[in-house]
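I have placed the structure first, in the form of structure tokens, so that the comments after it can refer back to it.
All of the numbers you see were taken from the coordinates with simple rules; none came from a lab. These figures come from a predicted structure and were not determined experimentally. Heads up, the Cβs are rebuilt from the backbone with ideal geometry, glycines too, and the neighbour counts pull from every protein chain shown.
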Amino acid sequence: MQSVGCVVNCCLSQKPARLEASVAKLMGLYMKRINAVCLTAVGLGCMLGSAWASVATIVAVEMTEQAPQSWQVAVSVLHDDSGWEHYADKWRVLDPQGRVLAERVLLHPHVEEQPFTRSLDSVVIPETIGVVYIEVHDTQSAWASQRVELDLSQAKQATVKWEMPK
């Protein structure tokens with residue numbers, strides 16, 4: 001395949017009939033490259049779109065202290081559940097060292113309910129822990145990289161909330 005520069009140089013030294021053929025050839029080279037770039041961009045867009053849709057995302061968390069060291073945790077999850085083969089299947093609460101304090105298993109897909117909220121009662125969080133993290137999991141992508149941090153010292157009337165920025 002000739003380079004574009006070679007075709008341009010050849011065009012400058014040719015008669016009008018041959019110049020027209022050289023310009024057509026040059027346009028053909030450009031069109032092939034443009035089509036290749038467009039197809040690559042569309043392919044990447046499809047791949048990124050499907051990857052984004054398949055990763056579970058936490059959109060809100062509400063934690064309410066029910067008693068000393070006992071919390072109710074409600075987590076809202078957004079995921080493109082497609083059925084039993086691919087759905088958001090659990091979320092968990094971690095301490096700052098990464099130890100699991102609680103895990104909520106989601107027993108079925110939520111294809112028609114997005115986002116959805118599920119809670120877990122009586123989550124024991126020792127008073128010495130001031131910050132917890134929430135993570136979400138799905139059946140194909142494993143644990144999402146998103147990790148929501150909640151500072152329990154910021155609880156107002158025994159409740160601390162977090163929402164995904166809009």
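At-a-glance table
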{"item": "Rounded FRET efficiency, nearest 0.05, which uses the C-beta distance separating Gln114 from Lys161 and R0 of 30 Å", "result": "0.90"}
{"item": "His86-Asp121 FRET efficiency (beta carbon distance; Förster radius 30 Å; 0.05 resolution)", "result": "0.60"}
